[in-house]
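So the structure is just underneath, and the comments pick up after that.
The values are calculated or read from the model by the stated rules, or taken from the named source; none is laboratory data. Worth saying up front: this structure is predicted, and the values here are computed from it rather than measured. Glycine also receives a Cβ, built like all others from the backbone with ideal geometry; neighbour counts cover every protein chain displayed. What goes into the accessible areas is simple: the full protein's heavy atoms, side chains included, and nothing from ligands, DNA or RNA. Shrake-Rupley method; radii C 1.70, N 1.55, O 1.52, S 1.80 Å.
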Amino acid sequence: MTENSDVPEGGGETPKGGFVSAIKCMISFFTIIRLDVGQKEFDAMERNFWAAPVIGFLNGLVAAVVCLLLVEVDASPFLQGVAALVTVFVFSKFLHFDGLTDFGDGMIVSSGRREDHVRALKDSLIGAGGFGVALTVVLISVACYTNIATYWGSVMAAVFAVEVLAKNAQVAAAAFGEPGSGMASRQVGMTGKGSLAKSSVVSVILLAVICLIHHGICDLMGYAPKDDVMILCMVLGLLMSVAVGWYMARTANRVFGFVNGDILGAANEISRAVMLIMAVIVLGLCI
């Protein structure tokens, strides 16, 4: 299936929708907000998956507001870190977290046979692999958020930016992945290198908006914004989101033979942890 294909599997034309329809479907599918969506919106989402960073912006905005409120009541850095992660988990219905556990189970299979890896990936039960991978990613994320809060006084900017870039990692995984036969097959099949380029441009625009918001809030609260460090983290984060997405797709293509919704979800969660590690290292070196 090519990136510009508008004909769904099974024959027959699907009602076409544009950017607004795609965003509407993504909000309903990827968040706890329920909207009235139909086949037109799903088709639009599959053809315009490059718009996913917009949903990351929405996720990050909700988490950033929660973190800002916690700063106002002098919450500890650890509580801010936990709240940042829990908020995006709840707001996204734990959808991507579920993909992470499935990915962990699928990867930790001793037999090495592809069919066994796929069976574990699609099994609804959580095994030791899924639990271990999920626990590792969660602990790393909370630890990094806590560390970032000790430098900046808040994880508001970090959670805002990372959620945008995590969605860019999903687009990268879809762009480099081979489509399977599940729900996300057309989404992966229609997402190519051009879609990744669009997603990266959208991410840059949203990151610029986040910088402006963060700068304004710092001025209001009497903080000295470290714009140069933030911009460096965002540039490195953008590159890393593409690299993690590519690596996830390469790994999934080799182990499972395809990239499905579980792999996209895992790319979201793993890229977040990797980018937060990078941010901690940059802060340690620059501040």
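Peptides 69-79, 181-191, 271-281, 202-212 ordered by packing proxy, namely the average of other Cβ atoms within 10 Å per residue, highest first: 271-281, 181-191, 202-212, 69-79.
With a cut-off of 14 Å between beta carbons, the residues surrounding residue 120 carry a summed charge of -2, where Lys and Arg count +1 and Asp and Glu -1.
Which percent of the accessible heavy-atom area of the stretch 193-287 goes to carbon and sulfur, probe 1.4 angstrom?
Here it works out to 74 percent.
Across all Cα pairs in the stretch 214-287, the calculated P(r) in 5 Å bins from zero up to the longest distance comes to 3, 15, 19, 16, 14, 12, 8, 6, 4, 2, 0 percent per bin. Distant-in-sequence amide contacts of residue 259, defined by a placed amide H-H separation under 5 Å and a gap of 5 or more residues or a different chain, comprise 178, 180. The apolar share of the surface of the stretch 78-146, taken as the fraction of accessible area on carbon and sulfur atoms (1.4 Å probe, ligands and nucleic acids excluded), comes to 71 percent. Taken one residue at a time, the phi angles of the stretch 229-239 give Karplus couplings (6.51, -1.76, 1.60, θ = phi - 60°) of 5, 5, 5, 4, 4, 5, 5, 5, x, 4, 4 Hz. Gly and Pro are set to x. Roughly how far apart, in whole Å, are the Cα centres of the stretch 40-80 and the stretch 106-150? If you average the Cα positions of each part, the centres end up 23 Å apart. Per DSSP helix of 4 or more residues, -39500 (n - 2.57); summed, then divided by the residues of the chain. What does that give at 222 nm, rounded to the nearest 500? Calculated at 222 nm, the ellipticity per residue is -25000 deg cm²/dmol.
Heavy-atom accessible area per residue, the stretch 120-274, 1.4 Å probe: how many Å²?
I get 39 Å² per residue for this part.
Taking every pair of alpha-carbon atoms in the chain, give the share separated by more than 37 Å as a whole percent. I get 12 percent for the Cα pairs in the chain exceeding 37 Å.
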